[in-house]
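J.: Starting off with a structure, shown below.
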Amino acid sequence: MITDPLAQFLGSWSMQLNAFSVTFRIGISVIFSSLIGWERSSKRHSAGLRTFMIVTLSGTVVMLIDLYLNSIFGGHFFLLSALSIVSSARIATRTLFFTSRNQIMGLTTAVSLWGSCILGLAVGAGLYTITAITFLTMLLCLSKLPSLEFYLKNRSNHFEIHLELKNSLNLQNFVTTIRKLGLTIDAIEMNPAYANSGLSVYSIAISISSEELKKYKTHKEIIDALSTLDYIYHIEEI
């Protein structure tokens, strides 16, 4: 049987289902979820402090109920816990939305909500060591990795841009310029959301084919250079 180091350190009471252990597990659930929720709220995401606290707390309480029912009826069924995972996944998908620029927003927050429910289940089961490690890993991923992700993304040989041209006739000029710079267009899609704006708006997937550009230019520098073209109304990476 695998033992939990933190549970052993706390004592036998933390491994049992009693008033003290239940209160302790709920307290941990609230503290950990509030820190994750605060991190999301500080970046103005759709699901914030209260949402993360409720989802994690619900997972904890559901696991406690399953453990209590199993202790009474002598079973090993965790139906409510399984349903809570499915329910949290459905709730998480509600935080996703598509922007007018064909971007999916809220994906990290959605999976964080789902992960927080599982974190709550782990707390409710008394798996303190797994809970602590998972919480620290999640918080690290959410707070520290975005800068690394941005750096790697900016150095990638593939990127997408949102392009607004003053006239659709300028698209051929843009394609010609792109090729001269050592770039390859992988896909072009006209954005119907801007149909009545008077602009020609596209989502374009680009690959860097020039070896010189691969070594010395970032996406931002390439986009800044393209933005100087007089027929471009607006351009940015997506």
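J.: Identify the single condition in (1) among the hydrophobic types (A, V, I, L, M, F, W, C); (2) open to solvent by less than 20 Å² (accessible area, probe 1.4 Å); (3) assigned to a helix (DSSP H, G or I) that Ile206 does not satisfy, given that it satisfies every other one.
T.: Here Ile206 clears every test but (3).
J.: Taking region 144-169 only, how many residues are in contact (Cβ under 8 Å) with a residue 60 or more places away in the chain, closer than 16 Å to Ile235 by Cα and open to solvent by 30 Å² or more (accessible area, probe 1.4 Å)? If you could, list the steps in order and put the result at the bottom.
T.: Of all residues in region 144-169, those in contact (Cβ under 8 Å) with a residue 60 or more places away in the chain come to 153-156, 159-167.
Then drop every residue that is not closer than 16 Å to Ile235 by Cα, which leaves 154, 159-167.
If we keep only those that are open to solvent by 30 Å² or more (accessible area, probe 1.4 Å) as well, we get 160, 166-167.
Selection size over region 144-169: 3.
J.: Identify the single condition in (1) under 19 Å from Ser227 (Cβ atoms); (2) open to solvent by 60 Å² or more (accessible area, probe 1.4 Å); (3) under 26 Å from the mean Cα position of the chain (by Cα); (4) not aliphatic (A, V, I, L, M) that Lys180 does not satisfy, given that it satisfies every other one.
T.: (3)
J.: List the number of the failed condition for Thr60; all other conditions in (1) hydroxyl-bearing (Ser, Thr, Tyr); (2) open to solvent by less than 20 Å² (accessible area, probe 1.4 Å); (3) over 15 Å from Leu127 (Cα atoms) hold.
T.: Single failed check for Thr60: (3).
J.: Now a separate question. Pairs only if they're at least six apart or on different chains, beta carbon under 8 angstrom, first in region 75-95 and more than 12 Å from Leu121 (Cα to Cα), second open to solvent by 50 Å² or more (accessible area, probe 1.4 Å) and among the polar types (S, T, N, Q); list them, first residue then second.
T.: Thr95/Ser46
J.: Right, something else. Do you know which residues across region 211-238 are of a type in the set (Val, Ile, Thr) and outside any loop (DSSP other than H, G, I, E, B)? Lay out the reasoning, then the answer.
T.: Going through region 211-238, the residues of a type in the set (Val, Ile, Thr) turn out to be 218, 222-223, 228, 232, 235, 238.
Scanning region 211-238 gives Ile222, Ile223, Ile232, Ile235.
The values are calculated or read from the model by the stated rules, or taken from the named source; none is laboratory data. This one's a predicted model, so the numbers in the text were calculated from it and none came from an experiment. As a convention, Cβ positions derive from the backbone with ideal geometry for all residues, glycine included, and neighbour counts pool all protein chains shown. Ligands, DNA and RNA are stripped out before the accessible areas are found, and what is left, the full protein with its side chains, is counted by its heavy atoms. Shrake-Rupley method; radii C 1.70, N 1.55, O 1.52, S 1.80 Å.
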